[in-house]
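So the structure is just underneath, and the comments pick up after that.
The values are calculated or read from the model by the stated rules, or taken from the named source; none is laboratory data. This is a predicted model, so every value here is computed, not measured. Don't worry about glycine lacking a Cβ; one is built from the backbone with ideal geometry, like all the others, and counts go over all protein chains shown. The accessibility values were calculated without ligands, DNA or RNA, using every heavy atom of the protein model including side chains. Shrake-Rupley method; radii C 1.70, N 1.55, O 1.52, S 1.80 Å.
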Amino acid sequence: MTFGEQPAYLRVAGDLRKKIVDGLLPPHTRLPSQARIREEYGVSDTVALEARKVLMAEGLVEGRSGSGTYVRERPVPRRIARSGYRPSGGATPFRQEQADGEARGTWESRSEQTEASGAVAERLDISPGDRVMCTRYVFREGGEAMMLSTSWEPLSLTGRTPVMLPEEGPLGGMGVVERMAALDVVVDNVTEEVGARPGLAEELLALGGVPGHVVLVIQRTFYASGRPVETADVVVPADRYRVAYHLPVK
């Protein structure tokens with residue numbers, strides 16, 4: 001293979017992808033069979049199979065048991081806005097994550113005490129095995145799961161206080177900044193790192209995705225005078241949402 005030349009299966013996948021994007025193969029259309037691909041492109045069965053696998057991994061097509069492979073409906077990505085915005089009177093978890101005054105959504109949460117893994121301990125600047133409060137959220141919009149979040153807070157900071165449980169007590173659901181203020185801890189900085197990876201099986205099950213779908217992962221940490229007081233992983237399906245940041249100019 002000469003420099004710059006694509007393998008045959010990528011060339012076939014690229015041509016089929018173009019037909020899908022251009023509307024020549026619209027949603028719910030059956031993808032040409034393996035035999036048809038082999039004949040049309042003059043390739044082997046192996047190449048035809050690998051090309052179909054590429055399109056499946058990209059989420060452009062889906063297999064239907066006993067029926068074949070079909071072009072998937074391509075959702076129009078919706079926006080998830082993130083910023084330092086805080087509505088007056090505190091912020092619910094859904095408002096924290098969406099930061100959109102027009103948003104209407106619901107969420108479910110579950111908190112439990114656990115031991116910090118090595119990765120979580122590093123992010124919170126504590127020792128592996130230290131006790132943390134872990135809270136898992138499922139956010140829904142219009143009944144559809146659109147975002148997952150898992151947060152961790154060191155119990156050395158919040159343990160045996162009224163704000164130990166993020167969703168219970170006098171400040172339940174008010175957000176990290178407000179809850180920490182009740183402990184005289186002033187949150188003055190937040191960092192977010194955005195990456196992408198294939199979704200885990202349990203994530204895709206909750207979000208309504210299929211194996212191979214990519215998710216955006218926002219790794220967020222709140223700080224008070226340089227000390228991490230909460231860290232979280234926010235998981236969003238990349239094919240259905242775009243993350244938009246509103247950053248103030250100073």
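Summary table below
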{"quantity": "Single unsatisfied condition, residue 88 versus (1) at pLDDT 80 or above; (2) of a type in the set (S, T, N, Q); (3) open to solvent by 50 Å² or more (accessible area, probe 1.4 Å)", "calculated": "(1)"}
{"quantity": "Given (1) at pLDDT below 95; (2) in a loop (DSSP other than H, G, I, E, B), index of the condition residue 126 fails", "calculated": "(1)"}
{"quantity": "Members of the stretch 158-178 that are touching a strand residue (DSSP E or B) at 6+ places or on another chain (Cβ under 6 Å) and either modelled with pLDDT of 95 or more or not aliphatic (A, V, I, L, M) (or both)", "calculated": "165, 166, 167"}
{"quantity": "Residue within the stretch 12-28 that is open to solvent by less than 90 Å² (accessible area, probe 1.4 Å), of a type in the set (Asp, Glu) and modelled with pLDDT under 90 present", "calculated": "no"}
{"quantity": "Residue among 140, 136 that is under 21 Å from residue 200 (Cα atoms), modelled with pLDDT of 95 or more and out of contact with any helix residue (DSSP H, G or I) (no Cβ under 8 Å at 6 or more places or on another chain)", "calculated": "136"}
{"quantity": "Residue in the stretch 91-103 that is modelled with pLDDT of 95 or more and of a type in the set (Gly, Ala, Ser) present", "calculated": "no"}
